[in-house]
Amino acid sequence: MTTNIRNAPERGRRVINYLRLSVTDRCNLRCMYCMPEEGVNFVPHDAILSYEEMLHLVELCVRKGIRKVRLTGGEPLVRKGFVGFLKNLGKTEGLDEISLTTNGVLLKEFAAGIREAGILRVNISLDTLQPERFFRITGRDLFKQVWEGILEAEQAGFNPIKINVVAIKGINDDEIVDFASLTFEKPYHIRFIEHMPVNGSGGWGHDRFISSNEILNKVESLGEIRRIENGSNLDGPANRFIFKKGIGEIGLIEAMSNHFCGACNRLRLTADGHLRSCLFSDNEIDIIGPLRKGKDDDTILELIEKAIGEKPENHEILSQEPRKCVRRMSSIGG
Ligand code: SAM
Ligand code: SF4
């Protein structure tokens, strides 16, 4: 019997407690669905939030209820001084969890330092287990580095190690079972993400789109799975499953086919200092401007409150021809 992912339990009332912080808009890969090879206008360095500004803004966000921060990008590990920043971020009172999303290219070098900085959880993005295909998807011949980075992260004791796979029909859907099989050998959480039509996501189309339900059908061809409930209210929107003999987990992120906006607990702070209430809405609140004009904490707190208040209940993104966000995923942070 195939599982209908829409039988998922109702999610509770949302509390906005999760900040995705993009530390840079630059990247050492050029994923076909995220960042084109040419024509990307990177933000000038002086228009990017300094680490000091980020630390201050996180403190203010914590005062407004944020309990978890995920560092993202662009590729966070390409920014100089990132591990030192993590150490300082770890001293923020009131933060329960700091995690990281990386493409893994520099993880071999930095995994131990990141772990020492107190980070327990890491998400590594990897869309293929085939080196040649990796080159085709990312424009760089760096599969080996990423795989070694994953092994190094395992060695350094990250738990769990989550592997993010953006599933795209005709590109890597034939590897869904290969990724799922990894959970028999490794304690990894393999998370399949539906391809989203964000600016730069070259070639998004209904014909390329593969839904979580279709992905789950392919996963189930390997054996019986059972659903695992999400434990804490800091957990993301994944539907989680495990094989009977699996040691890792499968996660399905229905970014498109099931609007989880009503349960979305996230704010996003872009590297150039703008707060976004929703990945799919171009409404942004300028924080860096008032901050650099010397506005007091109360003013910034009001802006954070405003961003929280503006979180939409829904995005009707799949029911109509998808509108693309003006920003690229790499500058929002995913
Ligand atoms: N560079 C890091 C990485 O790739 O893990 C962090 C930033 S990246 C923007 C964050 C996540 O967004 C990655 O897992 C990536 O696969 C995902 N992503 C980027 N563009 C996407 C798209 N169009 N649809 C779905 N996921 C996307
Ligand atoms: Fe870079 Fe991540 Fe975007 Fe790929 S998905 S281009 S690794 S920011």
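Below are the figures for this structure:
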{"read-out": "Check on residue 111, more than 22 Å from residue 186 (Cβ to Cβ), open to solvent by less than 30 Å² (accessible area, probe 1.4 Å), away from ligand 2 (no atom under 16 Å from the Cβ) and among the aliphatic types (A, V, I, L, M)", "value": "no"}
{"read-out": "Residue count for region 30-52, restricted to those that are touching a Lys or Arg at 6+ places or on another chain (Cβ under 8 Å) and over 20 Å from residue 197 (Cβ atoms)", "value": "1"}
{"read-out": "Count of residues meeting criterion [assigned to a loop (DSSP other than H, G, I, E, B) and hydroxyl-bearing (Ser, Thr, Tyr)] in region 36-68", "value": "1"}
{"read-out": "Odd one out for residue 105, checked against (1) away from ligand 2 (no atom under 16 Å from the Cβ); (2) open to solvent by less than 40 Å² (accessible area, probe 1.4 Å); (3) outside any helix (DSSP H, G or I)", "value": "(1)"}
{"read-out": "Counted residues, region 114-146 - those being buried (at least 22 other Cβ atoms within 10 Å of the Cβ) and among the hydroxyl-bearing types (Ser, Thr, Tyr)", "value": "2"}
{"read-out": "Strands (runs of 3 or more DSSP E) enclosed by region 252-312 - at least 2 residues per element that are open to solvent by 50 Å² or more (accessible area, probe 1.4 Å)", "value": "284-286"}
{"read-out": "Number of the condition not met by residue 42 [criteria: (1) more than 9 Å from ligand 2 (Cβ to nearest atom); (2) aromatic (Phe, Trp, Tyr); (3) open to solvent by less than 60 Å² (accessible area, probe 1.4 Å)]", "value": "(3)"}
{"read-out": "Number of positions in region 69-103 that are among the charged types (D, E, K, R), within 16 Å of ligand 1 (Cβ to nearest atom) and under 24 Å from residue 303 (Cα atoms)", "value": "1"}
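Conditions (1) within 28 Å of residue 223 (Cα to Cα); (2) not β-branched (Val, Ile, Thr), marked per residue:
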residue: 84; (1), (2): no, yes
residue: 94; (1), (2): no, yes
residue: 102; (1), (2): no, no
residue: 164; (1), (2): yes, yes
residue: 179; (1), (2): yes, yes
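The values are calculated or read from the model by the stated rules, or taken from the named source; none is laboratory data. Given the structure is predicted, the values throughout are model-derived calculations rather than measurements. Every residue, glycine as well, gets a Cβ built from its backbone with ideal geometry; the counts of neighbours run over all protein chains shown. All accessible areas refer to the heavy atoms of the entire protein, side chains included, with ligands and DNA or RNA removed. Shrake-Rupley method; radii C 1.70, N 1.55, O 1.52, S 1.80 Å.
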